[in-house]
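Since the structure comes first, as structure tokens, the remarks are kept for the end.
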Amino acid sequence: MSEGSATIDVEDHAREYDPEARARALQSLLIEKGLLSTDAVDRIIATYEEDVGPLNGARVVARAWSDPEYRDRLLDDALGAITELDIDVDEDTMEIEVVENTPTDHHLVVCTLCSCYPWAVLGLPPTWYKTPAYRSRAVKDPRGLLRGEFDLELDEEIEIHVHDSTSELRYMVLPQRPPGTEDLSEAELVDRVTRNAMIGVDRLGE
Ligand code: FE
């Protein structure tokens, strides 16, 4: 036994894990070692905020609404179906599963440990996604969370499924196609898809 306590309280570890502090520390270290410049960091962040925003996921959803065979492929092999649309996904680091909302089932995505998020399709996560309040309540009281924080009242008959993202497996919700959009083109449908609907804190048109 080495000196000091070797006991690791897993819950304490999860609570104290601060991804932002770790990212800052890592960035400082890489810049100090000359492996990274602040300009490069700014460029990457700008790319993900502006160029790889929620639009990629919206294109995927609109295609799935318009093409039943694409929808089947998306639910079966999300990564393959997403790359069909020329969306750049680093397949070595990101496995994605798409879960489909139905009239009886609602899916909600969270990362209970930190902030794992499918950025290739949804861009950077919203600030609230990373908060301890969202992360814990999504698991303990998803219905209350949706009602209280997102103004989304789900019928009691609708079952809520909570998906805990990890660095290995991230989730995206395929929302239901809103009523009254039958005549819209695929391009028009893209504009109806919101980031929140693809996280599962919104049901379009409800
Ligand atoms: Fe995470």
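Structure data summary
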read-out: Whole-Hz couplings from phi, Karplus 6.51/-1.76/1.60, listed for the stretch 188-201; x for Gly and Pro; value: 5, 5, 3, 5, 8, 8, 10, 4, 4, 5, 7, 8, x, 9
read-out: Restricting the stretch 68-158 to trypsin sites (Lys or Arg not before Pro) in coil, as DSSP defines it, with at most 13 other Cβ within 10 Å; value: none
read-out: Per-residue ³J(HN,Hα) for the stretch 109-123, Karplus 6.51 cos²θ - 1.76 cosθ + 1.60, θ = phi - 60°, Hz, x for Gly and Pro; value: 10, 8, 10, 6, 8, 8, 8, 4, 7, x, 5, 4, 9, 10, x
read-out: Residues whose placed amide H lies under 5 Å from that of His106, excluding near-sequence neighbours; value: Glu159, Ile160, His161
read-out: Euclidean distance between Cα centres, the stretch 100-129 to the stretch 135-193, Å; value: 8 Å
read-out: Normalised alpha carbon radius of gyration of the stretch 55-199 [divisor 2.2 N^0.38 Å]; value: 1.01
read-out: Filtered GluC sites (Glu not before Pro), the stretch 128-163: DSSP coil and at most 16 other beta carbons within 10 Å; value: Glu153, Glu156, Glu157
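Read the figures in this text as sums done on the coordinates, not as results from a lab. This one's a predicted model, so the numbers in the text were calculated from it and none came from an experiment. Positions of Cβ are generated from backbone atoms using ideal geometry, with glycine treated the same way; all protein chains shown enter the neighbour counts.
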